[in-house]
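Heads up: the structure comes next, in structure tokens.
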Amino acid sequence: MKANNAIKALLLIIVLSIGLLGINTLLYPKTMHMDKWREFYALQDDTIDVLFLGSSHSHRTFIPAVINETMQVDSFSLGMNGTGIAQLKYLLIEANKTQQVKIVVIEAFSLMEFDTERDKKEIFHFAFDTMKLSINKINAIKANVEKKDILEYLFPIKTYHLRWKEEDIDKEIGLVLKTKASTLNPLNFTPMTNLYSPTYNEPIINERFLTNEKKSLVSEYQKQLDDVVAICNENNIQLVITCVPYVEQKDILPYEMNEYLNGLNDYANENNIDIINYSDMSKHTNVYRSDLSDSGHVNLTGANKVSNYIATYLSEKYSEILNECIYDYHAESKKELEDLEKEIEEFELRNSRLQKRELLNSNDYSSNLAYYLELINDPNYIVLVSTKNNINTYVNNDIQDNFSKLGFDANFSKEQEENYIFISNGGPLGNIYSRTSTSKIIVSSDQQEIQDLKLPFKLDMVSSSSTTGSLSAVDFNGKMHSENEDGFNIVVYDKVLHWVVHTAGFNTNDIEQRYYDREKVKYNISQGEVIYTINIKEELSKVSGISMSIPIDGGILITSNSEEPSFTIQDIKGLSNHIAIRLVIEAPEYTKLEVLFKDKSRTFYDDYKEVTQLLFGENEILIEIHDTDITDIKFNLGDLSGDYIIKSLEIFNLNNEMD
Amino acid sequence: MSFNSIEFILFLPLVVILYYAIPYKFRWVLLLLVSYFFYMFWNPKYIILIIISTLVDYIASIFIEKSKEKTKKKFLMVISLSVNLGLLFVFKYFNFFNGVANSVFEQLTNVEYQIGSLKYLLPIGISFYTFQTLSYTIDVYRGKRKAERHLGYFALYVTFFPQLVAGPIERSDKLIPQLKKKHKFDYYQTIQALLRIAWGMFKKVVIADRVAVIVNNVFGNVTEYSGIYYIIATIGFAVQVYCDFSAYSDIAIGSAKLMGISLMENFNMPYFSKSISEFWTRWHISLASWFKDYLYIPLGGSRNKEKWKTYRNLIVVFAVSGLWHGADWNYILWGLLNGIYVSIERWLKKGKTGALLHKLKIPGFLQQIYAISLILIGFIVFRSNSVGDFIFIFKHLFINNLFVLFDGSLLKLGLDGNDLKLLAAVIIWLFSVEAYKHYAKKETLINGDFVQGLATIFLILFIIVFGFYGEYEALQFIYFQF
């Protein structure tokens, strides 16, 4: 080949290589798991002293900035989704190529098998796709995947090329083109920000996890662990195996964490492995259920607690080893920690708002407007009140007082039908708008007075009485939120959560409902007569509609796979006209519970009367129904997949009216 | 091994590098070994059939050449024909004809038919290499060429991997001398070959495999569809079968060209034909010319005293050609249909009607519409899974459901909106290129080796991103959430 042609050929090869690399980079999913290797390779050589390995439980828990600042050394987390013991060896070899790690912390979930074949495919992609091509990478792939799939992992573009169809791919590509490798943050930490349970600040510790029983790893896993131990010994690395806080959830996570760690004790002693068992971890970290994001992962506050604990533990126990380490990422860690503290503050604020929201949603306030007004008097709320028809008859002093505490000084006229609109942005100290009129009131964001309220949405409100149209409307950005019932209609918007957290209607004109009288609750459930109790274990046959249910300690476990779990009690005999239902249930966060009733006059399914509530964790739900001849009760448990535990269900006849 | 597999993408460059790296005298050994490997990668056992075919024709042709008696020549020719066609019959047609015999026998006698069907896979490429070896032996028999004495080159002629399993069906006088010739590496030729391969891959992986989803869906569930769906699926099939088959030829031609060997062109923009007769000079050219040389002419061709014999010959040739495509009634019917088309065209061109048609000067595009319509009707027969299916399709073809074009129903055929838009764009791209080549009478769209190199790279990258492959079942990545 002529020299001229050789140059041209070389040029073409370079263009092709750049093109392939470009495609790979542009179409590669940009999630935190995929960037782990890119971040690792962006590290300076010989800077990392403590390395965290393991599955998502590791990389969602150990916050490098927190650990670095506490320990005054450099740490990095190579935790990736689903990483198991069979991949750890290769990750460690890769890390050792450029870093002289002193301590390796392995999170114990990665020692246990709970993944399906399908999960494994994804896990291998996470672990190997962006690892640099080397003998180690080829070995890793060969050891983990089937022979026929080796090429798929060496050329993973096959798996991702269809991403050109994704909606925001152009924006993503734009972002990649702007981000330089040097700006990748090695201290990157992406927390989980859900709340497993906002109201139950109970420690997660459970006797079930504190057993002294022992279990051995399967032999294949034990061999893999031997390899990891050998690499650690060769390189003079202290190996620490720990676990992270979690709660029991059948079928998703292994129960036997502590059993496995107990089973490893002798082996650990022989091989100089440090094991932090579940009991110590949970006792010392003070992690509550509200520190979890789901049953197996901590959220931001949980991660902060565990990171602080492990960092203190390691620096105390291994001060000798760590003494010689230089703290390279000092400035970065400090800056990152400052940002993180702000993030935690916001997260905690958000959590407290969620707790408040749950409080609003956990009770039926329909018989207690005055108390409800106390609850919603909160600087983080925007409260919007619009009335429909006559509200005046039974508005008492308590209600009047609490409205004025909220900033609404209307004098509710007893003489004539009047319309009222009231808006409070941030309570009595915030921005207030109110209007009273005998004619129809229409309010919208076009008006200067409304613009002065600085609301975060476009608002339209209407209040009208029977002579002017009989309507109460509260619309945000064109979406209707008012219950549009007779009386007061109240919409509560949370400025932190950016959600409508509650809507309610209070018919202060209806003598039967007697909203006006806080003292006079109509029935007292403790004096009611229990006429129907499900003996959870023995009378499963009495409930229908549960496809998968297993009796467990303290209840029935219903497992739902996305289809809506529901159960119905039919033809209940001996119910009076006033009944109450008490249901104790543990459900995934934000489960929508619908309780539907059918009475003798209604024959069709659609004519069920409905009560809706949102559930958070364990709930005691109390529902009263009056003046009906109920025959059937149906419970729909939202459309979330997950585990539900029905702990008890009782139906009362309410005989004793308290007056 | 399939052309559109990662294995082939690794295999081909390795073979080409070795081909130029080793001394010339060992090249045939290399090519023969890799060709056997190529075939055995799919199913190692069936290589025996190729070897039998090779040996029989090698020996038979030498003896045919040597023997002076015509009867002996004839006898040897019959042996060669019986072995080749016998294998083809057993492995490709036995079950079909056995099934036919079964139903006829039971209809007539009421006695249970005893011969069961054979449970073999159809050996891939058997129709192609059988025809290729047959053409060689017949040529020797006719004295058109000398028998090849070098068993290695002859075996390579039968199995040369680029064209082994799907053509083009090469003639020995063209291919064997090229296999023997000492080729030097040629940079410009290499670039052209790579562009040709990339273009083929583009047609196959981006277009054919994508449109196949719609085609398979509709033809696989004909009773669920009607009217416009059939029209879309048939046009889709026309695109699919062309892109699929011509892509195979492109990759074959490109791969051979990498080693300096020119294979014959197999497609010449067939959908621009103005008549069915013209279509058959542009579609699967190597097969059509094979049938012409080795069946049509021996039958008497068009030089018959009795005119009806020409029409008979045409219809027989097309029916056999249909059967060659597949052992089922719909292929035979499709062949017959084409035979009738071509016969009618021939008849119309004669005498007064021919003169009239000539006078009318029908515009070219109308002639093209006429031709493509008949081709599409043929494809319905060809693609239907059974005779029952195409009867159903013809009964429900004229139901007016044009609205499905606009109400989102097309999105339920297996491709999403993005795929459909892409498909429309690449089909327009493909046929614009072809139209340009056809009307401007140019062989290539772009000139200059460097530009062609860049075009190849563009195609490769385009295929990687927009190819229809590797749809990973776990694309949802439920694990992203943790």
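Test B:Ile79 against the criterion of being free of Cβ contacts under 8 Å to residues at least 24 places away in the same chain, on the phi < 0 side of the Ramachandran plot, surrounded by 15 or more Cβ atoms within 10 Å (Cβ to Cβ) and β-branched (Val, Ile, Thr), and give yes or no. So B:Ile79 passes the test.
Inspect region A:143-161 for any residue being under 28 Å from A:Gly296 (Cβ atoms), touching a Pro at 6+ places or on another chain (Cβ under 6 Å) and at pLDDT 80 or above and give the result as yes or no. No; the residues of region A:143-161 include none that is under 28 Å from A:Gly296 (Cβ atoms), touching a Pro at 6+ places or on another chain (Cβ under 6 Å) and at pLDDT 80 or above. Scanning region B:289-302 for residues that are hydrophobic (A, V, I, L, M, F, W, C) and modelled with pLDDT of 90 or more yields a single hit, B:Trp290. Would you be able to say whether some residue in region B:399-414 is at pLDDT 85 or above and away from every other protein chain (no Cβ under 14 Å)? Taking every residue of region B:399-414 in turn, none turns out to be at pLDDT 85 or above and away from every other protein chain (no Cβ under 14 Å).
Does at least one position in region A:218-230 carry a residue that is more than 14 Å from chain B (Cβ to nearest Cβ), at pLDDT below 80 and part of a loop (DSSP other than H, G, I, E, B)?
No; the residues of region A:218-230 include none that is more than 14 Å from chain B (Cβ to nearest Cβ), at pLDDT below 80 and part of a loop (DSSP other than H, G, I, E, B).
Figure legend. Inter-residue proximity from region B:176-203: first residues free of Cβ contacts under 8 Å to residues at least 40 places away in the same chain, second residues not in a helix (DSSP H, G or I), beta-carbon distance below 7 Å, spacing 6+ or different chains. Indicated pairs: B:Ile176/B:Glu148. The requirement of being among the charged types (D, E, K, R) and surrounded by 15 or more Cβ atoms within 10 Å (Cβ to Cβ) is not satisfied by A:Asp401. Name the residues in region B:329-352 that are in contact (Cβ under 8 Å) with a residue 12 or more places away in the chain and more than 21 Å from the chain's Cα centre (by Cα), would you? Once the filter is applied, which keeps residues that are in contact (Cβ under 8 Å) with a residue 12 or more places away in the chain and more than 21 Å from the chain's Cα centre (by Cα), region B:329-352 yields B:Ile340, B:Ser343, B:Glu345, B:Arg346, B:Trp347.
The set of residues from region B:365-386 being exposed (fewer than 14 other Cβ atoms within 10 Å of the Cβ), under 27 Å from the mean Cα position of the chain (by Cα) and not polar (S, T, N, Q) comprises B:Phe365, B:Ile369. One residue alone among B:Tyr20, B:Tyr46, B:Tyr24 is touching a Pro at 6+ places or on another chain (Cβ under 9 Å), among the aromatic types (Phe, Trp, Tyr) and closer than 26 Å to B:Ile261 by Cβ, and that residue is B:Tyr46.
Has region A:48-69 got at least one residue that is surrounded by fewer than 19 Cβ atoms within 10 Å (Cβ to Cβ), in the same structural domain as A:Glu336 (by TED's automatic domain parsing) and farther than 22 Å from A:Asn233 by Cβ? No, region A:48-69 has no match at all.
Inclusion of A:Lys342 among residues that are in a helix (DSSP H, G or I) and free of Cβ contacts under 8 Å to residues at least 60 places away in the same chain is warranted.
The numbered conditions (1) assigned to a helix (DSSP H, G or I); (2) away from every other protein chain (no Cβ under 14 Å); (3) closer than 28 Å to B:Tyr24 by Cα; (4) over 20 Å from the mean Cα position of the chain (by Cα) are all true for B:Tyr229 except (3).
For region A:480-508, a residue qualifies if it is over 26 Å from the mean Cα position of the chain (by Cα), at negative phi and not hydrophobic (A, V, I, L, M, F, W, C), and the qualifying residues are A:Ser482, A:Glu483, A:Glu485, A:Asp486, A:Asn489, A:Gly505, A:Asn507, A:Thr508. The residue that is modelled with the lowest pLDDT, among those in region A:53-101 that are among the β-branched types (Val, Ile, Thr) and part of a loop (DSSP other than H, G, I, E, B), is A:Thr83. Quick one: would you say B:Ile207 is surrounded by fewer than 21 Cβ atoms within 10 Å (Cβ to Cβ), in the same structural domain as B:Leu410 (by TED's automatic domain parsing) and hydrophobic (A, V, I, L, M, F, W, C)? Spelling it out, it is not the case that B:Ile207 is surrounded by fewer than 21 Cβ atoms within 10 Å (Cβ to Cβ), in the same structural domain as B:Leu410 (by TED's automatic domain parsing) and hydrophobic (A, V, I, L, M, F, W, C). Among the residues of region A:415-452, the one identified as in a loop (DSSP other than H, G, I, E, B) and buried (at least 19 other Cβ atoms within 10 Å of the Cβ) is A:Glu418.
Scanning region B:42-61 for residues that are exposed (fewer than 15 other Cβ atoms within 10 Å of the Cβ) and farther than 30 Å from B:Lys146 by Cα returns B:Asn43, B:Pro44, B:Lys45. Looking only at residues in region A:134-164 that are surrounded by fewer than 14 Cβ atoms within 10 Å (Cβ to Cβ) and within 13 Å of chain B (Cβ to nearest Cβ), the one that is farthest from A:Lys97 (Cα to Cα) is A:Lys148. For region A:65-72, the condition of being acidic (Asp, Glu) and either out of contact with any Lys or Arg (no Cβ under 7 Å at 6 or more places or on another chain) or facing chain B (nearest Cβ under 10 Å) (or both) holds for none of the residues. Of all residues in region A:452-470, those that are more than 20 Å from A:Phe408 (Cβ to Cβ) and of a type outside the set (D, E, K, R) total 7. Going by the structure shown, is A:Met131 on the phi < 0 side of the Ramachandran plot, more than 14 Å from chain B (Cβ to nearest Cβ), crowded, with 18+ Cβ neighbours inside 10 Å and at pLDDT below 80? In short, no.
Selection of region B:335-364 for residues being surrounded by fewer than 17 Cβ atoms within 10 Å (Cβ to Cβ) and among the small types (Gly, Ala, Ser) yields B:Gly351, B:Gly354, B:Ala355, B:Gly364.
Residues that are within 21 Å of B:Tyr225 (Cβ to Cβ) and assigned to a helix (DSSP H, G or I): does region B:354-374 have at least one?
Scanning region B:354-374, I find at least one residue that is within 21 Å of B:Tyr225 (Cβ to Cβ) and assigned to a helix (DSSP H, G or I), so the answer is yes.
For region A:482-496, state whether one or more residues are small (Gly, Ala, Ser), farther than 30 Å from A:Glu346 by Cβ and touching a strand residue (DSSP E or B) at 6+ places or on another chain (Cβ under 8 Å). Yes, region A:482-496 contains a residue that is small (Gly, Ala, Ser), farther than 30 Å from A:Glu346 by Cβ and touching a strand residue (DSSP E or B) at 6+ places or on another chain (Cβ under 8 Å). For beta carbons closer than 9 Å, sequence separation of 6+ or different chains, a first residue in region A:3-23 that is facing another protein chain (nearest Cβ under 8 Å) and free of Cβ contacts under 8 Å to residues at least 12 places away in the same chain and a second that is among the acidic types (Asp, Glu) and surrounded by 10 or more Cβ atoms within 10 Å (Cβ to Cβ), the qualifying pairs are A:Asn5/B:Asp449; A:Lys8/B:Asp449.
Against the numbered list (1) within 32 Å of the chain's Cα centre (by Cα); (2) over 20 Å from A:Glu107 (Cβ atoms); (3) at pLDDT 90 or above, A:Ala311 comes up short only at (2). The criterion of at least 3 residues that are surrounded by fewer than 23 Cβ atoms within 10 Å (Cβ to Cβ) is met, among helices (runs of 4 or more DSSP H) falling completely within region B:102-197, by B:126-141, B:151-159, B:172-180.
Being over 28 Å from the mean Cα position of the chain (by Cα), assigned to a loop (DSSP other than H, G, I, E, B) and either modelled with pLDDT under 80 or away from every other protein chain (no Cβ under 13 Å) (or both) is a description that applies to B:Leu475.
The values are calculated or read from the model by the stated rules, or taken from the named source; none is laboratory data. This structure is a prediction, so every number in the text was calculated from the model and none was measured. Glycine also receives a Cβ, built like all others from the backbone with ideal geometry; neighbour counts cover every protein chain displayed.
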